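Take a look at the structure set out below.
The values are calculated or read from the model by the stated rules, or taken from the named source; none is laboratory data. Everything numeric in this text was worked out from a predicted model, so none of it was measured. Note: ideal-geometry Cβ built from the backbone for every residue, glycine included; neighbour counts use all protein chains shown. We work out accessible area using only protein heavy atoms, side chains counted, and drop any ligands, DNA or RNA first. Shrake-Rupley method; radii C 1.70, N 1.55, O 1.52, S 1.80 Å.
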Amino acid sequence: MQPNMIRSLITLLFLPGGYAVAENDRNIQLDSVVVIGQSATSIEKDLAGSVDVITRDELEYEHVSDTLELFNKTPGVALSRYNQGIINTDITIRGFAGDGLTPHAKLLIDGIPSNLHNGYNELDHLFPTGIQSIQVFKGTSDPSVGLFATAGNYRVETRKNTDKVLELTLGSFNTKELQGYVGYKTGDFTQNYSLGYRNADGYRDHTSIEKIALSGRWQYDFENTSLALSTRYGKYEADSPGYLSKQQARQYPRSSASYANQDGGEKESKQVSLHADHFFNNDLDLSVKAYWQNFERERWVRLTQAGTLQNRYDDQDMSGFIAKLNWQFDPKWRLETGFDIEKQQVIEQRFGTIGQQRVRNTASVNRNRHYNFDTKGAYMQIGHTPNKMLSWNAAIRADQIDGDYKQFNASGVATPRKIYNFGTIIQPKLNAFLNLSDHQTLFANTGRSFQHPFGADAYTAGDTNARDVSMNDGWELGLKSTFAKQLNTRISYWEQKAKDEFVVIDGTGQNVGETSRKGIDFSLSYPILDNFSVWANVSKVYTSIKKSASTSQAFEGNNLRGIPDHTASIGSTYNWSSDLVMRLHVDRQGAYHINEANIGGKYGAYTLVNASADYKTRWGKVIMQVNNLFDKHYEYVYDQSTNANIVDSIHSPGAGRNFSISTRVDF
C-alpha cells in the first residue's frame, strides 16, 4: 500500500509542544505515540496504534470536580457527565457507551487496577497536582491486560520527583480547593506525598460536594533493586440533583428535580500496594506488584417522580498480584512475559427506604448480593527489530474467570449461583511498525479481546455452559508523519467487531448479538511560531448491530446507543512572554441515540470553549481559568423506559460558564 493511499484513510493526533526528538534528528521513530505536552514520561512504545500521553505541564492548571474529566483533551475519548453526586462522570473509547453498562477499558494507577467490579473507572482518590501523566491506549493489541480491556486501557502515573508545591483555588459556585505535593530524596530513600481538598456548591441546585484525597509513597533504591510502598485514601461526599425532563432541562438547567431532594451519598477508597523492580543486568529485568484495595459506596437515589427512593450500597475488597519479566536476549530480539491474579469480594445491595427519607428499609430488598469473583491471566510477547525500518511483536494472552454468588432475601435466606464456565479465554495480539521514509512511519495492529457479563449476569443457577464471553476482534492501520520539520500528524483507520456482545437493554442484561465498530481519526500539531502552537484532532465513529440476538430482532441494522458519532478538539498555546502563557481549548462531541431502537431522536452534542492564563511570579504562579466561556447548554441524556417502543428520556444539564483563580507556591 502506497503512502498516499494511507493518507486518504485515516486519523491523526497531535503534539502541542512539538515532537520529542532532538532538533538535529526529526526522523519519526518506530512508534505511534503522540504526546500532549512538552515533556515525555515513561511511555509504552511497543504498541502500534493510538497511544496518547498527556504530560505534567498540561495537567497542572486543571481544576475539576471529577478527576476523569482530565481526559477531555485526549483524541477519541468521550465523556459522559451524569452529574449525579458520587456517580458523576465516566469516559469511553472506541465506540463504547459511557453509561457504565458496557465496561470496556482497564484503568491502572501506577500499574494497579482501579476499576470497580462492574467496570466503572475510579480516579477520585487523586487530584491533578499528584499526577505525572495520563496515557490512553485505544485498541485490542496490548497483551499486558485482560479483564475490562475490551477496547484498550488508561494508565495514570503519579508524581515521584522532588518538587514541592502548594496551590489554593477559588472559583464559581463557591468552589474552594487546596492541592499540595512534596517529594524528598535523601541518599537512596525517596518520599512522595500529595493531598487534595475540594468543596463546592455546584452549578445545579442540590449538587454540593466535599472531596479529599491523600497519598504517600516511600521507595528505597538498592544497587540493582528498588522497593516501594504506596498508600492512597479518598473520600467523596455529594448531593445529587436528579434528572429532569427535556423541557425542564432546557428552561431551568440549574434546577434540581423536586423528588430528588434526598438524593446523594458518599464513596470511600483505600489502596495499599507494594512494588519491587530488579535489574539482573542491562538486558533482563523483573517487576512485581502486590496490592489490596477497597471501594465503598452508599447512594440514596430516586431516578423519576414515579419511582421511590432507594438505598444502594457497595463494598468491594480486591487483592492481587502482578509480575512482568523483560528479556533482551539478542540485540534484535526481546521477550516479555507476565502474570496477574485478582480476587474480589463484593457486596452489592439495594434496599427500599422509609418515607422517601434516608432511612433503609431492611424489609424491602431489591438486591442483596455477595460475589466472589476471581481472575487470572498470563501472556508472552516476542519482539523483533531486524533493521531500522521494521519492528514487530506478537503475543498470546490467556485469561480465566472463576467465582460464586449468593442472593439473600429479606429473611436472610441465601440462593447460591455458580459462575458460567467461560473456559480459558485465548487472545492473540500483533503490532508492527515500518519506516517508509525519514519522516513517515506506517503502523498496524490486530488483536482479540473479550467482554464478560458482570454482576449477577455472570452467574447462574442452571446450565453453566449456557453463556460465553463476547469475543472482540480489532485491527488498526495508520501513518505517523512529520512535514517540513514542523507539522506532526498521525492518521489511522480502525475496526472492532464483537460476537455475542453483552449489554444491558431496557434494564436487562443480555447478549445483543454481533456488533461492528469502526472509525477514522485525524490529528495534527503545528508550532506556527516559536511562542505559538496549535493542535487539532477529530475522531469519527460508526457503530451498528450487525446480527441481533433472538430477543432483540428489531434492533438489527441500528446504531448502538449512548455513543457520540464524533469527538473533536482544537487548542492553542501562546507564550506572550517568558512569564505569561495563554491557552485556548475547544472541545466538541457529537450526538448519540439513547436506545438500541434508535427512536426518540439523538442527544448529547456540544461545543465548549475553555481558556486559561498562567502568570509566573517570583514565588510561583497565578492561574486564571474559564470553562464553557460562551455558556453553552449541554447535557447527558438516558432513556429510562423499559419498553423498546416507548421513549422516557431523563436529562442532566452540564455546568454553565464558570471561573477560577489559583495561586501556586513552589518551594
Shape call, segment 120-242: gyration tensor on alpha carbons, a/c limit 1.5: oblate
Rounded if a/c under 1.5, otherwise prolate or oblate - segment 44-115, Cα gyration tensor axes: oblate
Packing-based ranking, highest mean first, of 598-611, 481-494 given that Cβ atoms within 10 Å are counted: 481-494, 598-611
Separation in nanometres of the label points that stand 7 Å from Cα toward Cβ, at ASP438 and SER226: 3.6
Burial order of peptide ranges 137-150, 327-340 (average beta-carbon count within 10 Å, highest first): 137-150, 327-340
Spatially close lysines, pair count over segment 528-667: Cα under 24 Å, gap of eight or more or interchain: 5
Inter-probe distance in nm under a simple model that places probes 7 Å from Cα toward Cβ, at THR464 and GLN248: 4.7
Extreme residue, positive dipole direction of segment 140-204, given options LEU195, LEU170, THR158 (C-beta unit charges): LEU170
Under 19 Å from the Cα of LYS267 - lysines, other chains or at least 8 residues apart: LYS211, LYS235
Net charge dipole size for the chain [Lys, Arg +1 and Asp, Glu -1 on Cβ; Debye, nearest 20]: 820
Segment 433-505: relative contact order as a whole-number percent, Cα under 8 Å and 6+ apart: 33
Electrostatic dipole magnitude of segment 413-468 [Cβ: Lys, Arg +1; Asp, Glu -1; Cα centre; debye, to 20]: 180
SER208 paired with PHE339, simple spin-label distance in nm, labels 7 Å along Cα-to-beta-carbon: 5.2
Residue-normalised accessible area of segment 220-284, given per residue in Å² at a 1.4 Å probe: 52
Rounded to the nearest 20 debye, dipole of segment 568-625 from Cβ charges on Lys, Arg, Asp, Glu: 200
Computed Rg/Rh of segment 426-524, alpha carbon atoms with Kirkwood Rh: 1.18
When each of LYS106/LYS499; LYS376/LYS418; LYS246/LYS497 is checked by Cα-Cα distance, pairs over 23 Å: LYS246/LYS497
Distance violations [Cα-Cα > 25 Å] among LYS270/LYS343; LYS388/LYS429; LYS332/LYS429; LYS185/LYS343; LYS138/LYS485; LYS289/LYS388: LYS185/LYS343; LYS138/LYS485; LYS289/LYS388
The chain - percent of accessible surface contributed by carbon and sulfur, probe 1.4 Å: 53
Label point at VAL622 placed 7 Å out along Cα→Cβ; residues across segment 560-602 whose backbone nitrogen lies under 14 Å: 579-581
Selection from GLN305, GLN293, LEU442, by position along the positive dipole direction of the chain (Cβ): GLN305
Contour excess over end-to-end distance, with Cα ends at THR607 and ASN361 and 0.36 nm allotted per residue: 84.2 nm
Relative contact order computed over segment 319-439 (Cα-Cα under 8 Å; 6+ residues apart), in percent: 21
Sequence-separation-based contact order of the chain, relative, with Cα cut under 8 Å and 6+ spacing, percent: 13
Cα gyration tensor shape of the chain, rounded if a/c is under 1.5, else prolate or oblate by comparing a/b with b/c: rounded
